1. Span-like helices, the chain: DSSP H, alpha-carbon axial extent 20 Å or more, mean Kyte-Doolittle 0.0 or greater, which ones?
2. Quick one: P(r) of segment 146-221 from all Cα-Cα pairs, 5 Å bins, percents rounded to integers, in order of increasing distance.
3. Ratio to report: Rg/Rh of segment 37-157, with Cα atoms as the point set and Rh obtained by the Kirkwood method; give two decimals.
4. Going from most exposed to least, what order do K44, K67 have by accessible area with a 1.4 Å probe?
5. Using just the C-alpha positions of the chain as equal point scatterers, what log10 of I(q)/I(0) does the Debye formula give at each q in 0.09, 0.14, 0.17 1/Å?
6. Just flag the trypsin sites (Lys or Arg not before Pro) in segment 126-221 sitting in loop per DSSP whose Cβ has no more than 14 other Cβ atoms within 10 Å.
7. Kindly give Rg over Rh for segment 1-103, based on alpha-carbon atoms, with the Kirkwood expression for the hydrodynamic radius.
8. Taking GluC sites (Glu not before Pro) that fall in a DSSP loop and have at most 10 other Cβ atoms within 10 Å as cut points, what is the longest piece of the chain between them?
Amino acid sequence: MIELIGLYLNQLPGRHALIALLDDRLYGAWRDRHKSIRDELAVKASLGGLLLLQRMGILESLAYDEKGRPYIKDSNFDFNITHTDRMVIGAFETPDLEKELLSDVPPCRVGIDAESLDRIASVRICPLAERWFTEAEQEQFLETPTDNTFLRIWTRKEAFVKWLGEGLRVMRRADTVIAHKTHGVKFSEYRVEDTLITLCHRAEAAPPAELHLLTFAELFD
């Protein structure tokens, strides 16, 4: 089962108030990994992601692999978090207990990205597409070379790279056009105002029908 939940960053208090709301185990693992973060928006978004994780009931064993992807030790539960300058969004996949013991069922895995259209409205998208898209993605983009097409391919690419867990070093060659064939994944899209959210998930997993945007109070219900 996959869930998508998020909240607006302007609902969140400052850094110290956020830290006080977090379980020490979650915050301790995060702090050890993110000692160098100075940008306040990035800190708020990252700590907001921890609040979403905490709401899912995951309070212990947060760790980071050698490439920086967070995971929960000794668990098939998977998650991925992204943010824009206005909201933080988490994708959470819980294993189906009835299928978990079947050897042919792939483990839970999700990747997510979100981008606002106004962020790329002033960007020269054609040079970016030429630099970062694979040949197949460039062909797809050039069929309808608009900001919306670029955003759709870009968020798929980012979500796929996060699903792979290989870091940005594979960004250029990660091909979303053939991702289903090569890795057995699908992409699901959600829109909130001018923001496009793209979820990368196992083809066998049913995507959520919608993204649930919570109020700050609902985080603690």
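1. On the way: long enough: 40-55 (22 Å, 0.85); 147-164 (25 Å, -0.38).
The qualifying helices are 40-55.
2. Going out from 0 Å in 5 Å bins, segment 146-221 shows 3, 14, 22, 21, 17, 12, 6, 4, 1 percent.
3. Numbers: Rg = 17.7 Å, Rh = 16.9 Å.
A ratio of 1.05.
4. On the way: K44 55, K67 85 Å².
Putting K44, K67 in descending order of accessible area: K67, K44.
5. Results for the chain at q = 0.09, 0.14, 0.17 Å⁻¹ read -0.37, -0.91, -1.30.
6. For trypsin sites (Lys or Arg not before Pro) across segment 126-221 that sit outside H, G, I, E and B with at most 14 neighbouring Cβ atoms in 10 Å, the list reads R172, R173.
7. Working: Rg = 14.1 Å, Rh = 14.4 Å.
Rg divided by Rh gives 0.98.
8. Working: sites that count: E66, E98, E193, E210.
My reading of the result: 99-192 is the longest stretch.
The values are calculated or read from the model by the stated rules, or taken from the named source; none is laboratory data. What you see is a predicted model, and the numbers here were worked out from it, not measured in a lab. Glycine gets a Cβ as well: all are built from the backbone with ideal geometry, and neighbour counts include every protein chain shown. We work out accessible area using only protein heavy atoms, side chains counted, and drop any ligands, DNA or RNA first. Shrake-Rupley method; radii C 1.70, N 1.55, O 1.52, S 1.80 Å.
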